[in-house]
Every structure is written in C-alpha cells, then in structure tokens.
1. From (1) surrounded by 13 or more Cβ atoms within 10 Å (Cβ to Cβ); (2) among the basic types (Lys, Arg); (3) free of Cβ contacts under 8 Å to residues at least 40 places away in the same chain, pick out the condition that doesn't hold for ARG109.
2. Quick one: in region 47-82, of everything that is surrounded by fewer than 13 Cβ atoms within 10 Å (Cβ to Cβ) and part of a strand (DSSP E or B), which residue is farthest from the chain's Cα centre (by Cα)?
3. Looking at (1) out of contact with any Ser or Thr (no Cβ under 8 Å at 6 or more places or on another chain); (2) over 20 Å from LEU35 (Cβ atoms), which is the only condition ASP86 fails?
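Laboratory data are not the source of any read-out in this text; all were calculated from the coordinates shown. In this text the structure is predicted, and so the values were computed from the model without any measurement. Please note: Cβ atoms are built from the backbone with ideal geometry, for glycine as well, and neighbour counts cover all protein chains shown.
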Amino acid sequence: MAKKNNLFEMGSNFNDDWDIVVDKKKNTKLKPHKLEPNKHNLHFRKEKRRGKPVTLVGELFISKDEMQKLCKELKKHLASGGSIRDNYLEFQGENSERIKSFLIKKGFRFKN
C-alpha cells in the first residue's frame, strides 16, 4: 500500500511546481530615440510637491547631453531650480509661459 503525503506532516514536500509570477508593467509603446525640435509635441503638467508648485514639460526625445544643456539654459533663464526626470524637465514654480516662449524660440512645438 502506497503511503500518501500528508500536507500537515513534518517533512512534507511543498514542491508542487508553483512559481511566483511577477507581473511587471511592460511598456509596449516604442519611443523614438531622437527627434528634431520641430517634430516634438510638448505639453505641460503641473504638480504640487510638499505644497509647492512644480512645472513639468515634455516628453523630450533628445540625447541626454542635449537635454542637460537645455535644462541648464532654462534654469538660468528662469532663475529657478530644475532637474530632468524620465525625459521630462521639472522646474520649481509655475513658469509655463516663460518656458513655452523660451522653447518656441529654440524651435520646439507644443500641443494645442
């Protein structure tokens, strides 16, 4: 007579071929590596962080070096802090009109 494996016995075998499946969010949308400034369709997002407004502009499809140079120029023009996060430029305060006029002069386009 074959002995049955009881789940509650000491030394029982828990290997029942179950695996942990981690479902990572897959980004199926392919993003172009680099676009000309006039091919961009930029838009603004406004968020509050720690009670203070932050203006985000993007999504930029330019090289990292060009993005850093553009961020530095904009920070100097706005006289405020800013950074780069996930192909978006973040700036302290509500500066959307000043950012828009500066980027239009650089040849970028915005969504209507």
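1. (3)
2. LYS52
3. Looking at each condition in turn, ASP86 falls short on (2).
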